[in-house]
Each structure stands twice: as structure tokens, then as C-alpha cells.
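Every number in this text was worked out from the coordinates using simple rules, so none of it is lab data. Note that the structure is predicted; figures quoted are calculated from it, not measured. With ideal geometry, Cβ positions are generated from the backbone for all residues, glycine too; neighbour counts draw on all protein chains shown.
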Amino acid sequence: MKRNALASLAVLALIATAVPASAHCQIPCGIFDDELRVQLIEEHIGTVEKSMNKIMEISKASPVDYNQLVRWVDNKETHAGEIQDIVTAYFMAQRIKPVTDQSDEKAMNEYLHKLALLHAIQIHAMKAKQGTDLAEIEALRDLVTKFRTAYFGEEGAHKH
């Protein structure tokens, strides 16, 4: 009986301390939706923007509420990181396929254009982590709009 109790406690301890799995296991299960991933990026951009505005608002207050300031900074960095994760782990690692025929100039240009847009999104998400410049938010929104068009085509670029 004592052995079963210890085993049960060990299992509970493992469950309680387990690291949650990320949203993308990189198994080609096909259950994820490309449009939804873009919408999630847009939602994260909105959250980063709100966090930046709150950081600037709290920073101007007297006295400064440092606890809330730290929480908004952490929130901004978390959501900027989520943008980077979706771009890297979903689109770059799984969805943007390398061109097999390198002599196909049109396909190569489209591939490189998508990669360049995703790389730019990564850079501006990083810059959004580093500060509170709202120009980074505008740049991210513009880049996501351009990526949406490059990825889905003109007709799919306006779905929401």
C-alpha cells in the first residue's frame, strides 16, 4: 500500500511540474488554420500596442506604480514573443515550402518575398519588445497585411 501511495504521489508531482506543450508540435496533423494564425498575430499586435500605451501612461504618473509597470512590460514582451513564435514555428518552419526548382524564377521570387516579409515581422516584433515606439506597431500591421496578400493572394488578403 505504501508503495502505491508513493507512486501516486510521484505521478502527481510529475503532472504538477510538467511544462505545458507549445501550440505547435510540428507534426503534420493538418488541424491548424493558416488564416487563424494570421489573425492571432494581429491580436498579439493589438495587445503589444495596448501594453505600450499603458507603459507610457504609467511611466508619466506620479508616483509610478512599478508593480503595474512591470506587469505591462512583461505582457508586451510575452505577446511580441508570441508573434515571433508563430512566424518561426508555424510559417517559416512548416508552411513556407522551399522551391524545389531553383530555376523557376517566379516561384523563387514569391518564396523569397514571403521569407523577407516574415523576417521583417520578426525584426519589428523584436523592436516592439525592446521599447514603446508605436511606429513598430504600424510597421507590424503593414507587414502582416503585405504577408497576408503574398500568402493568400489578392482574394484571400481581405478575409477576417
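Give me the orientation-averaged projected area of the Cα convex hull of region 105-160, in nm², one decimal.
Taking a quarter of the hull surface, the average projection is 4.1 nm².
Over region 28-156, what is the relative contact order in whole percent, taking alpha-carbon pairs under 8 Å and six or more residues apart?
With pairs under 8 Å counted, the relative contact order is 29 percent.
Given R₀ = 25 Å, what would the calculated FRET efficiency be for GLN130 paired with SER62, taking r from the Cβ atoms and rounding to 0.05?
After rounding, the FRET efficiency stands at 0.50.
So if I take the alpha carbon set of region 57-134, get Rg, then get Rh from the Kirkwood formula, what is the Rg over Rh ratio?
1.23
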